[in-house]
Structures are given as C-alpha cells and as structure tokens.
Amino acid sequence: MLNWVNLFNIFCFLDNHQYESPHHTHECLLAAGAIDSLATNSHDAFNELKQFSNKHEDWLFGHFGYDLKNEIEYLFSENADHIKFPDLFFFIPEIVIELSGDKISIGVAGNRHQAIFARINETIVRGERTGLSKETAINSRYSKESYLSTINALKRHILRGDCYEINFCQEFFVEHVILEPLAVYTLLNAASPNPFSAFYKINDKFAMCASPERYLKKAGDRILSQPIKGTWKKNLENPVEDDLNKEQFYGNKKERAENVMIVDLVRNDFSKICKEGSVIVNELFGIYTFPNLHHMISSITGELRGDVHWVDIIRATFPMGSMTGAPKKNVMRLIEQYEKTKRGIFSGAIGYVSPERDFDFNVVIRTILFNASARYLSFLVGSGITFYSDAENEYDECLLKAAAIKKVLTF
C-alpha cells in the first residue's frame with residue numbers, strides 16, 4: 001500500500017480487522033485519487049455537500065470535522081489548530097477497492113486503468129523515519145495542576161445544572177517531526193486492531209486512526225448508531241478474573257448512567273429524521289471485548305422518513321453525543337471555553353457514502369494526526385466528566401490513554 005499512499009494526494013483506507021458483526025458491509029474499503037472534491041470551512045458546508053452529492057452519482061469518501069458544530073448550533077471556535085484539516089472534505093475517487101468475505105472488486109473511473117497503473121508502477125518510494133526516538137519530548141497543553149483545576153471547574157458547572165456530562169479532551173503534541181505515516185498507522189493498528197480503523201490522507205495532512213466506535217450507518221431506510229460510553233480495563237493474564245471484571249463492568253452504576261444519557265441523546269437526535277415510533281434501543285449496555293479493553297456499547301436504530309436527504313441525517317445527529325456530552329449545545333460551549341486546542345477532525349467522523357447513498361462513518365478517536373508540511377504531530381485523549389468524577393482519576397486515565405499512543409510512536 002506504500003506505493004499507493006505516496007502516489008495519490010488523496011487517500012482513504014477503511015478496515016474493520018475482520019470483526020464479526022452483522023452490521024459490517026465491507027471488511028476493507030480503499031479509495032485513492034480524486035476526480036472531484038469538496039473542501040470547505042464555510043458556514044454553509046452541509047448545503048455545499050448536498051449539492052456536491054447530487055452532482056455525482058458515485059462513491060464519496062471523506063470526513064466531517066467536529067467544528068461543523070458552529071454551523072449546526074451557531075457556535076464558534078477560536079482555539080489554535082495546528083493540523084488544519086478542513087471542516088468538511090469529500091472526494092470522488094479514481095479507484096475504489098472493496099473486500100468483503102472472499103470477494104474483491106476494483107473499480108476505476110472512466111478509461112483511466114492503464115494510466116493509473118502505469119503511475120503506480122513508476123512510483124518511487126522515499127524512505128523516511130518511521131517514528132520518534134525514545135528521547136523525543138511529547139508535550140501536553142495542560143500541567144497536572146491546570147488539568148485538575150479544569151475538571152473541578154467543569155464539575156461546578158454540572159452542580160449548577162449547566163450540563164449533566166461533558167467529554168473533556170486534552171492535546172499531546174510534538175513539533176519538528178519527520179515520520180512515515182503509513183508505518184505509524186500499521187504499528188498503531190497492530191497494537192490495537194479495532195473495527196473502525198482508517199488511514200486518511202489529504203495532501204500533507206494525515207489521520208492514523210484505530211477507532212473502535214461507529215458514529216452512524218445508513219442501509220436503505222434504516223439508520224444505526226452504536227455509541228461507546230464506558231470503558232473497563234481487560235485482565236490479560238487471567239480469563240476467569242476477566243469474566244468477573246466484565247460482570248462488575250456491566251453492573252457499574254456510573255458507567256450505566258453515562259451510557260444511558262448518551263442513548264437518550266441519540267434517540268432525541270433520531271426523532272428529528274425518523275418515522276414516529278420507529279426509534280428503538282436494540283441493545284442497552286452491551287459489553288464488547290477488544291484487544292486491550294472492554295467497552296459498553298448500546299445500539300439504537302430508526303426508520304427514516306421518506307423525504308430525508310442523507311446529508312440532513314448527518315446534520316441532525318452531528319457531532320455524536322459520545323464525544324460531547326449532554327445537553328449537547330451547552331457542553332459544546334463549555335468544551336470551547338475550557339479546551340485549549342481546536343478539535344478539528346478529532347471527534348469528527350471518517351467514512352464513505354455508496355452510489356446508492358448508504359453510508360458508514362466512524363468516530364475519530366484513538367487517532368494520531370500529522371501535518372507533514374508543518375512537521376507537527378498531535379493526538380487528543382479525553383474522558384466523560386460527571387459530578388461523581390474524581391479529578392485525579394481522570395488525569396491518570398488520560399495519561400494511561402496517552403501512554404498507549406506514545407508506545408506506538410517511540411521505538
């Protein structure tokens with residue numbers, strides 16, 4: 001795949017790592033090159049995307065950035081953005097490769113077969129440093145003291161009734177970096193092979209994603225959301241104790257309370273676009289095991305009204321509640337006030353839209369971001385804050401999540 005990544009300025013690879021699920025349509029999807037594309041930071045991004053989609057009856061690949069919230073809820077973003085992904089980007093690919101079960105299909109736009117494959121064969125792969133040295137300093141935007149102070153300030157907002165739960169994130173970053181993004185992605189997914197991973201490139205900007213979470217899927221007139229809210233450490237040494245861990249996790253009142261708040265938020269979002277009485281919680285508090293962690297995942301479905309454009313489905317449900325908190329508009333104001341970095345593509349969504357206008361998008365978490373021109377690398381980690389959160393514990397949880405990514409980057 002390295003030749004392809006260097007050959008094409010626009011590239012998207014989606015991999016479910018062969019997780020067994022009735023909700024996965026493809027094992028892998030690869031899209032490369034762009035016949036046409038839409039990149040925008042405007043306050044009319046969704047209408048622009050609707051026009052772009054109506055113009056092309058073809059595959060679309062791309063992303064929604066978190067800060068599209070500003071268009072949806074009339075908010076603003078003034079924090080620094082060093083990675084600089086556009087708020088919204090979609091492209092019509094030159095090549096699409098689908099892998100499903102024992103079948104593989106390759107689609108090439110127009111009569112470009114010979115020219116594209118000649119370019120692939122002629123591509124020269126330039127070697128670059130794969131990762132960071134162990135001596136490289138990975139910086140945080142918060143000292144421990146400032147982080148603890150911020151969590152306690154957020155808890156005071158909860159006590160006053162401004163919100164019930166808030167997803168608060170902090171950035172870790174490295175400047176003056178040279179690395180090979182695809183090699184880093186490979187290492188990240190070897191360490192944490194998750195069902196919504198993505199390698200995504202727009203010119204000099206890269207997202208190396210090992211996400212376990214689906215944001216939203218559309219199949220025909222049905223939509224499905226599977227928010228993750230609740231994480232439990234896995235006992236890798238003792239399977240018997242790990243089974244007890246899962247039972248404790250399932251019965252944990254705090255984890256359930258956080259999960260059900262987001263489920264209610266998703267149900268409310270779905271009610272804007274679905275037929276009355278069709279929104280159903282198919283699974284509540286499901287415990288799913290991943291290579292290093294257990295997650296609590298709930299599944300919500302709904303039947304769409306006949307007049308809903310696929311872009312309006314995104315507008316009605318974005319950003320996903322698992323990455324904001326509740327109530328959504330209030331917590332997004334607080335996120336902007338207390339976080340120090342513009343989230344950008346982080347806690348947004350990467351995915352595809354089929355020619356039939358079905359789609360599947362992930363939640364951009366557990367992701368390393370890299371701007372090759374600026375030589376700037378970044379990753380964000382966070383957690384859900386409630387009134388019962390302990391600031392010290394939340395700080396330790398963030399460091400634990402950051403350590404897992406640092407381990408991939410430094411070798």
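Some observations on this one:
- Extension gain for residue 278-residue 191 works out to 27.4 nm (0.36 nm per residue, less the C-alpha to C-alpha distance).
- Annotation for the range 361-385 versus the range 220-276: alpha-carbon center distance of 23 Å.
- Label point 7 Å beyond Cα of residue 407 along Cβ direction - residues of the range 233-249 with amide nitrogen under 16 Å: 233-238
- Measuring with a 1.4 angstrom probe and ignoring ligands and nucleic acids, residue 397 comes out at about 70 Å² accessible.
- Sequence of 154, 148 from largest to smallest accessible area, 1.4 Å probe: 148, 154
- Per residue, the chain exposes 43 Å² of accessible surface when a 1.4 Å probe is rolled over the protein heavy atoms with every protein chain present.
- In summary, the range 236-329 shows an alpha-carbon radius of gyration equal to 1.30 times the 2.2 N^0.38 Å reference for compact globular proteins.
- Reference-scaled alpha-carbon Rg (2.2 N^0.38 Å with N residues) for the range 1-52: 1.53
- Sequence of 294, 17 from largest to smallest accessible area, 1.4 Å probe: 17, 294
- For GluC sites (Glu not before Pro), the sites in the range 304-362 that DSSP calls loop and that have at most 12 other Cβ atoms within 10 Å are 356.
- Within the accessible area of the chain (1.4 Å probe), percent carbon and sulfur: 50 percent
- Net charge of Cβ neighbours under 14 Å - reference residue 21; Lys, Arg +1; Asp, Glu -1: -4
- Fully extending the segment from residue 23 to residue 234, taken as 0.36 nm per residue of separation minus the present Cα-Cα distance, adds 73.5 nm.
- Share of alpha-carbon pairs per 20 Å distance bin for the chain, given as whole %: 27, 61, 12, 0
- Enclosed volume per residue, in Å³, of the convex hull spanned by Cα atoms of the range 204-244: 150 Å³
- The range 31-88: GluC sites (Glu not before Pro) falling in loop per DSSP and having at most 10 other Cβ within 10 Å: 57, 78
- Pairwise label distance in nanometres, residue 241 with residue 145, each label 7 Å out on the Cα-Cβ vector: 3.7 nm
- Here the dipole of the chain is about 540 debye; that uses its Cα centre as origin and unit charges on the Cβ of Lys and Arg (positive) and Asp and Glu (negative).
- For the range 271-411, the Kirkwood radius over C-alpha pairs fed into Stokes-Einstein at 37 °C and 0.692 mPa s yields D = 182 µm² per second.
- Ordered by 1.4 Å accessible area with all protein chains kept, 263, 281, 240 run largest first as 240, 281, 263.
- Summed over qualifying helices (DSSP H, 4 residues or more, each -39500 (n - 2.57)) and divided by its residue number, the chain shows a 222 nm mean residue ellipticity of -10000 deg cm²/dmol.
- With N the number of residues in the range 180-234, Rg(Cα) / (2.2 N^0.38 Å) evaluates to 1.40.
- Summarising the label geometry, the points placed 7 Å from Cα in the beta-carbon direction at residue 333 and residue 183 lie 4.8 nm from one another.
- Computed label-point distance, nm, for sites residue 340 and residue 39 using a 7 Å Cα→Cβ extension: 2.9 nm
The values are calculated or read from the model by the stated rules, or taken from the named source; none is laboratory data. Because the structure is a prediction, the values reported are computed rather than measured. Neighbour counts are summed over all protein chains in view; Cβ atoms, including those assigned to glycine, are modelled from backbone coordinates with ideal geometry. In case anyone asks, the SASA skips ligands and DNA or RNA and just uses the protein heavy atoms, side chains included. Shrake-Rupley method; radii C 1.70, N 1.55, O 1.52, S 1.80 Å.
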